[in-house]
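All of the numbers you see were taken from the coordinates with simple rules; none came from a lab. Just so we're clear, the structure is a prediction, and the values are computed from it rather than from any experiment. Glycine gets a Cβ as well: all are built from the backbone with ideal geometry, and neighbour counts include every protein chain shown.
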There are 2 protein chains.
Amino acid sequence: MNRVPVEKKVLSENDRIAAELRTKFREHGILCLNFISSPGAGKTSLLERTLEGLPREARVAVLTGDIQTDNDAQRVARFGFPVRQITTGGTCHLDARMIERALAEWRLEDLDLLLIENVGNLVCPASYDLGEAAKIVVLSVAEGEDKPLKYPAIFFKSELLVLNKLDLLPFVPFDIAAARENARRVHPGMEILEVSCTSREGLCAWQKWMEKRRAAFREEIAAPAG
Amino acid sequence: MNRVPVEKKVLSENDRIAAELRTKFREHGILCLNFISSPGAGKTSLLERTLEGLPREARVAVLTGDIQTDNDAQRVARFGFPVRQITTGGTCHLDARMIERALAEWRLEDLDLLLIENVGNLVCPASYDLGEAAKIVVLSVAEGEDKPLKYPAIFFKSELLVLNKLDLLPFVPFDIAAARENARRVHPGMEILEVSCTSREGLCAWQKWMEKRRAAFREEIAAPAG
C-alpha cells in the first residue's frame, strides 16, 4: 500500500490546470484570491462585507465551495454580483478542475476580481493550487491562538492572515499577540489584519489591503515578463 | 486519472485494521470514543473537563492527534492519566494504523476507557474508522448553526453532538434550536448535549452521558454474540 505516488499524480494534474488558470487570470487582468479557514471562521461574512464595500459597477465574481448546501452562494448573491456555488459532494477541498468548470460559462473579459471561498477546512485546501494570486487564511479568535503552529501549512502558504471575530475578544481566552507571533513563527513577515465582520472594526484596513493588492497585481502583469 | 479505486483500497485497508482494533477493544472491555470537530471547537477542553471529573484510579488513556505540535498532549497530561500525542505531519485525519502503533506500548489490560482526539477537521476524519465504539462531534456555537447541513457526513456518523462554548451564546448570532433541528435533519434521533467547558454549564449532563454509555458498552460486550 503506497499512497504517495498517486497523491503526487493527482496534485501534478491539479498543478497543470492551476497553472493554466493562472495564465488565463493574468491575461485577463483578473486578481484571484482563495479564502481558506476552518468551518465557521467567517469567510462568507468577510466576503459579504467585501462585496458590500465595492461599487455596483465592480467587475467582481465569487465562487463559493461547500460539501453540501448552497447557503453561502445565497448569502453572497444578495449583493448583485455573479456568484456560483461549487458543491463538492463530500470532497474536503476545491481543486483547479472545479474552478475551471465553474468558470466555463462566465466571460473572463468581464472580470477583474475573482474571490474564491474554499470548503471550510484548515488542512486539505492548503495542498490544492487553484491558480490564485494569493491565498488568504481567516482565523476566528474563538478558535485559539495556537492554530498557526498546529496547522502550519496554510499559514505558511497564505499571504495574509485575517484575524476575525474581534468583537468576541473580551469573551474568549485568546492572546492576540501570541497569535500574531505564532503566525510569524511559521511565516516570517506574514501580513496580518484584525477585523470583526459583525462590529465592522478593521474593515477599512481590509479594504485598503485589497486596493493595494489589486494595484500591485496590475503593476505585476503590466511589467514585461522575464 | 481515476482516484476513487485507490481511495477505496486505502479505506478498506483502514477498515481491516479498525475491525481488528474494535475486536481488541471489546475483548479488553475498553470503550473507545473518537472526538471530531473543526479546529478550535473545544475537543481538548472537553477532554480536560472529562479527565478532571474522573477518579484518580480511573483506567483511562488518551490519544491526541495533531498535524504539528504536542500542545494538546501537554494540556491533557496534567491530569495524570496516560496520554500519547500522534503527530500526523500533514495528514488531515487519524487512521487506524496510527492508533494501532500508538497503542503498541500500552497494556490494554490496564484500560477500560480510551479517548481519541482527532485532528481538527470536520470533513476527512469522518471517513476513517478507528475501531471506536462511537464518534462524538463537537460544534462550537461560534461556528454557526448551519454546520450540520454543510458537513453532513460527520453529523450522520456521530452518536452524539456536543454543542460547546454555550457561554458565548449571548455574543454570537447562533440559533441553538435551528442547530438542533439541522443536526436531526441529517441524523434523526441524534443525541445532543449543550455545554460550556469554560463556565462548566452542562458538564454534569455530559458526565452522566459518559456513565450511561459506559454501562451500555459493558452490557453489550457481556451479551452473548449472535
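Measuring from a point 7 Å out along Cα→Cβ, what nm distances, shortest first, does residue A:54 have to its partners in the other copies?
5.1
Which residue, A:187, A:50, A:131, has the largest displacement toward the positive end of the dipole of the protein assembly as shown when charges sit on each Cβ (Lys, Arg +1; Asp, Glu -1)?
A:131
Rounded to the nearest 0.05, what FRET efficiency do residue B:178 and residue B:105 give with R0 = 45 Å and r taken as the Cβ-Cβ distance? Could you check?
0.50
Pop out the ³J(HN,Hα) list for region A:162-172 in order, Karplus 6.51 cos²θ - 1.76 cosθ + 1.60 with θ = phi - 60°, rounded to Hz; leave Gly and Pro as x.
9, 7, 10, 6, 3, 5, 8, 3, x, 10, 10
If contacts are Cα pairs under 8 angstrom and at least 6 residues apart, what is the relative contact order of region B:90-196 in percent?
In percent, rounded to a whole number, it is 26.
Using the Karplus curve 6.51 cos²θ - 1.76 cosθ + 1.60 with θ = phi - 60°, work out ³J(HN,Hα) for each residue of region A:156-161 in order, rounded to whole Hz, and write x for Gly and Pro.
Those phi angles translate into 5, 8, 8, 6, 9, 9 Hz.
Within a 10 angstrom radius of each residue's Cβ in B:92-99, how many Cβ atoms of other chains show up on average? Whole number is fine.
2
Given only helices, namely DSSP H runs of n ≥ 4 each adding -39500 (n - 2.57), what is the per-residue ellipticity at 222 nm of chain A, to the nearest 500 deg cm²/dmol?
-12000 deg cm²/dmol
Take every residue in peptide A:137-150, count the Cβ atoms of other chains within 10 Å of its Cβ, and give the average of those counts.
5
Rounded to the nearest 0.05, what FRET efficiency do residue A:71 and residue B:222 have when you use their Cβ-Cβ distance and R0 = 51 Å?
0.65
What are the label-to-label distances in nm, one decimal and shortest first, from residue B:201 to the same spot in the other copies, with labels 7 Å along Cα to Cβ?
List, nearest first: 2.3 nm.
Compute the Rg to Rh ratio over region A:3-221 from the alpha carbon atoms, using the Kirkwood formula for Rh, and round to two decimal places.
Ratio of gyration radius to Kirkwood radius for region A:3-221: 0.94.
Counting only DSSP beta bridges with both residues in region A:40-130, tell me the antiparallel percent, nearest 5.
Of those bridges, close to 0 percent are antiparallel.
From the P(r) of the protein assembly as shown, can you give the percent of Cα pairs sitting at distances over 38 Å?
23 percent
Going through region A:81-142, which GluC sites (Glu not before Pro) have at most 16 other Cβ atoms within 10 Å and a DSSP loop state?
Answer by residue number: A:105.
Using 0.36 nm times the number of residues separating residue A:24 and residue A:214, minus their current alpha carbon distance, what extension gain do you get?
Additional length available on full extension: 66.8 nm.
Please average, across the residues of B:114-126, the number of beta carbons from any other chain that are within 10 Å of each residue's own beta carbon, and give a whole number.
Across the residues of B:114-126, the mean count of other-chain Cβ atoms within 10 Å is 4.
First obtain the Kirkwood hydrodynamic radius of region B:1-118 from its Cα pairs, then insert it into the Stokes-Einstein equation at 20 °C and 1.002 mPa s, and state the resulting D in µm² per second as a whole number.
Estimated via Stokes-Einstein, D reaches 141 µm²/s.
Shortest first and in nm to one decimal, what separations exist between residue A:74 and its copies in the other chains, measuring from label points 7 Å along the Cα-to-beta-carbon line?
Nearest first, the other copies' label points are 4.4 nm away.
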